[in-house]
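One structure below.
The values are calculated or read from the model by the stated rules, or taken from the named source; none is laboratory data. This structure is a prediction, so every number in the text was calculated from the model and none was measured. A quick note on method: Cβ atoms are made from the backbone with ideal geometry, for glycine too, and the neighbour counts reach across all protein chains shown. To get the accessible areas, we keep the full protein, side chains included, count just its heavy atoms, and leave off ligands, DNA and RNA. Shrake-Rupley method; radii C 1.70, N 1.55, O 1.52, S 1.80 Å.
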Amino acid sequence: GGQQLLSLGHSRHQFLAARCGSTLLMRVAEATSTAQGVSDPDVLTTIASQIAESRLARHYGKSFPYHIGGARADLLEESKVVSLMKNIVSLLDYHLITSDNRHRHVIFYKIRNTHILIGDLMRRAFPSAKTVFNYRNGLQVFESLARVMFKPKVLYKCIILAARVGVWRWAPALPDYVFVFGDDPMFSAVDFPRTDFYYIATFWVLQMQRALELQKKNPEYFFHAVINYSTLARGKEEAFRALMEKLGIELSDLPEENNSIKTAFVEDSQAGTIMSPRDVPGAKWKPQSSSSWLGDWEREVFSVVCRQPGIEISSPDFILQHTMP
């Protein structure tokens, strides 16, 4: 990765689908004596979003309503983008490695979902980095987001009803970078209002589609490891160690490190944030116990999106090639 210019460490770039356990993976990596984690660097998110929007506009000859940012014309020259990303990560690597008193030499970058749309540029910028794709069943992603965006359940059901009858036609709860997925004209025939629910479905499906295409085009780079949320939640420490082994990262077997890893799996990695139902930082994670919030209408949204021309993701429970068992 960025260590190419400064020879300081070995970056691992983690592509992800939302609500897939990526924050947990970063917390567990941070608990080791080997790795540091960088979550969603804003500067890389901005670059990826602008390039993705620019490519979409050029391909279809139209602009889009959310205007992620007024990128300078020279920034949209992709050779310059490659150099810029390379230099940014080199500087981040340098800072992280030289300032870390634990002398951890591996750096994980958890990057926003839009990077999957510019995977070709990521490969050019960081040819020696290791890549991980972390994902989850689409309906589980949908429900996980719904539970934090529209709690309590009665509010969710009211908004779903409004969307079904055509009264609710907005997507106020989502960040701008999500829209570049659902506004791709390949979904123009989807006859559902452009609400949060439509954008969550297209967000998940197009990420998975692009990941599948990257696997086919450059299998030696995309991906060095593919892990599903269910594997991580079920296997915990064993799954994490298997992932590190795939990436060629040796972990210590000292009792204190084993205990740190165990603790990271016990705690809710997002407790105390708006992305968790648990309000107190450090609260213990536990699986949801209440019945599913989803009904036939939400499942139909996914079904219709998956049936669009050019989409090979057959259903929300699609399993990518080489997913860890």
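Note on the range 238-264: among residues that are closer than 15 Å to ALA35 by Cβ and among the acidic types (Asp, Glu), the one that is most open to solvent (accessible area, probe 1.4 Å) is GLU250. Taking the conditions (1) under 14 Å from the mean Cα position of the chain (by Cα); (2) in a helix (DSSP H, G or I) in turn, MET244 satisfies each one other than (1). Within the range 212-236, the residues that satisfy the criterion of being open to solvent by 50 Å² or more (accessible area, probe 1.4 Å) and part of a helix (DSSP H, G or I) are GLU213, LYS216, LYS217, SER230, ARG234.
Residues that are farther than 15 Å from MET122 by Cα, among the hydroxyl-bearing types (Ser, Thr, Tyr) and touching a Lys or Arg at 6+ places or on another chain (Cβ under 8 Å) within the range 200-245 comprise TYR229, SER230, listed in sequence order.
With respect to ILE313, determine if the residue is part of a loop (DSSP other than H, G, I, E, B), at pLDDT 95 or above and open to solvent by 90 Å² or more (accessible area, probe 1.4 Å).
On the way: part of a loop (DSSP other than H, G, I, E, B): yes; at pLDDT 95 or above: yes; open to solvent by 90 Å² or more (accessible area, probe 1.4 Å): no.
So ILE313 fails the test.
For ARG147, the test of being surrounded by fewer than 17 Cβ atoms within 10 Å (Cβ to Cβ), out of contact with any helix residue (DSSP H, G or I) (no Cβ under 7 Å at 6 or more places or on another chain), in a helix (DSSP H, G or I) and at pLDDT below 90 is failed.
If you go through the range 163-211, how many residues are under 22 Å from the mean Cα position of the chain (by Cα), open to solvent by 10 Å² or more (accessible area, probe 1.4 Å) and polar (S, T, N, Q)? Residues flagged as under 22 Å from the mean Cα position of the chain (by Cα), open to solvent by 10 Å² or more (accessible area, probe 1.4 Å) and polar (S, T, N, Q) within the range 163-211 amount to 0.
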